[in-house]
1. May I ask you to verify whether residue 193 is of a type in the set (A, V, I, L, M, F, W, C) and farther than 17 Å from residue 31 by Cα?
2. Examine the stretch 105-114 for a residue that is under 29 Å from residue 25 (Cα atoms), surrounded by fewer than 17 Cβ atoms within 10 Å (Cβ to Cβ) and in contact with a strand residue (DSSP E or B) (Cβ under 6 Å, 6 or more places away or on another chain), and state whether such a residue exists.
3. So residue 52 clears everything in (1) modelled with pLDDT of 95 or more; (2) under 16 Å from the mean Cα position of the chain (by Cα); (3) surrounded by fewer than 17 Cβ atoms within 10 Å (Cβ to Cβ) except one condition, right? Which one?
4. Considering the stretch 170-227 alone, what residues qualify as being in contact with a Gly (Cβ under 7 Å, 6 or more places away or on another chain) and surrounded by fewer than 19 Cβ atoms within 10 Å (Cβ to Cβ)?
5. Return only the number of the condition from (1) under 23 Å from residue 121 (Cα atoms); (2) touching a strand residue (DSSP E or B) at 6+ places or on another chain (Cβ under 7 Å) that residue 189 does not satisfy.
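The values are calculated or read from the model by the stated rules, or taken from the named source; none is laboratory data. Just so it is clear, the structure is predicted and the values come from calculations on it, not from any experiment. Here the Cβ positions follow ideal geometry from the backbone for every residue, glycine too, while neighbour counts run over all protein chains shown.
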Amino acid sequence: MPEPFSTSPMYKQDINTPVFWLQEADFSAYLVGNQVRDRLLGIESDRADVDIATNAHPNQVAQVLQKNNIIPTIVDEKFGVVSFTFSQIKFEITTFRQDIYRQDFDLVKRYPDEIRFVSVAAQDAPRRDLTINAIYFNPKTGKYLDYVGGLDDLNNKVIRLIGDPKIRLQEDPIRILRAIRFKHLLRFKYDRATWSALQHSGKLIGKLSPTVAKKELRKLQTIPHYHAARTDLVKIGIVKIA
């Protein structure tokens, strides 16, 4: 598989190190999300966005980190998230989980009604947003785990929401802006069902808090092809033509 074209060997080793700590403590652990996607695409990833998925629970993750002289900055027992900085890189370790939503979307809370920790990555993958962001990589074995067709979508340059796209956007409308951002950042094309769902879901953005929506819109505005992305925002009714 290709390596990021401008990432130093030291950086690659550093992002793997916390994965190895968890594995040495007899837990399953994988890189997932941006680091894996960008590695496969041969592009450089953001040091401030390194995600690790594991079957270890938050208190167990914290214990592993402390044994390696790392003090977590956040330990969220409910959502299974542990955040910390190592070698000037920001990490987020998340326990494998299922996000359970009651299909009453009159009010958008952006968070699941129930969270269940699970034991394997195959049960964790369906909760993620895009197929290309749900590929797991084990740096120890060099193997990838793909349960939702992310590798094929990377090869075919397709942006596809996992599961029923209409429901996934109702669960969390911020996924509308994320799908558009990744489509234009990577110069991919939309899966047909995903684009149809986006066209019918633009009004959901109005249910988000202005702070949340503006933060994601600012990310969109920084990409090189924002003008094309803005055309999509107009088509789905998020911004006006003027």
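1. Details: of a type in the set (A, V, I, L, M, F, W, C): yes; farther than 17 Å from residue 31 by Cα: yes.
When the stated conditions are applied, residue 193 passes them.
2. Taking the stretch 105-114 as the starting set, the residues that turn out to be under 29 Å from residue 25 (Cα atoms) are 114.
Retained after the next criterion (residues that are surrounded by fewer than 17 Cβ atoms within 10 Å (Cβ to Cβ)): 114.
Going one step further and asking which of them are in contact with a strand residue (DSSP E or B) (Cβ under 6 Å, 6 or more places away or on another chain), we end up with 114.
Yes, the stretch 105-114 has at least one match.
3. Residue 52 satisfies every listed condition except (3).
4. Residue satisfying the conditions is 203 alone.
5. Only one criterion in (1) under 23 Å from residue 121 (Cα atoms); (2) touching a strand residue (DSSP E or B) at 6+ places or on another chain (Cβ under 7 Å) is unmet by residue 189, namely (1).
For (1) over 17 Å from residue 29 (Cα atoms); (2) buried (at least 19 other Cβ atoms within 10 Å of the Cβ); (3) within 13 Å of the chain's Cα centre (by Cα), each residue gets a yes or a no:
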{"residue": "100", "(1), (2), (3)": "yes, no, no"}
{"residue": "120", "(1), (2), (3)": "no, no, no"}
{"residue": "128", "(1), (2), (3)": "no, yes, yes"}
{"residue": "141", "(1), (2), (3)": "no, no, no"}
{"residue": "144", "(1), (2), (3)": "no, no, no"}
{"residue": "147", "(1), (2), (3)": "no, no, no"}
{"residue": "154", "(1), (2), (3)": "yes, yes, no"}
{"residue": "164", "(1), (2), (3)": "yes, no, no"}
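Conditions tested, residue by residue: (1) within 16 Å of residue 93 (Cα to Cα); (2) modelled with pLDDT of 95 or more; (3) out of contact with any Leu (no Cβ under 7 Å at 6 or more places or on another chain); (4) surrounded by 17 or more Cβ atoms within 10 Å (Cβ to Cβ).
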| position | (1), (2), (3), (4) |
| --- | --- |
| 8 | no, no, yes, no |
| 14 | yes, no, yes, yes |
| 21 | yes, yes, yes, yes |
| 31 | yes, yes, yes, yes |
| 35 | yes, no, yes, yes |
| 39 | no, no, yes, yes |
| 45 | no, no, yes, yes |
| 58 | yes, yes, yes, yes |
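A quick yes/no check of all residues on (1) in contact with a strand residue (DSSP E or B) (Cβ under 7 Å, 6 or more places away or on another chain); (2) closer than 30 Å to residue 13 by Cα; (3) not small (Gly, Ala, Ser):
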residue: 144; (1), (2), (3): yes, yes, yes
residue: 147; (1), (2), (3): no, yes, yes
residue: 168; (1), (2), (3): yes, no, yes
residue: 172; (1), (2), (3): no, no, yes
residue: 176; (1), (2), (3): no, no, yes
residue: 182; (1), (2), (3): yes, yes, yes
residue: 214; (1), (2), (3): no, no, yes
residue: 232; (1), (2), (3): no, no, yes
residue: 236; (1), (2), (3): no, no, yes
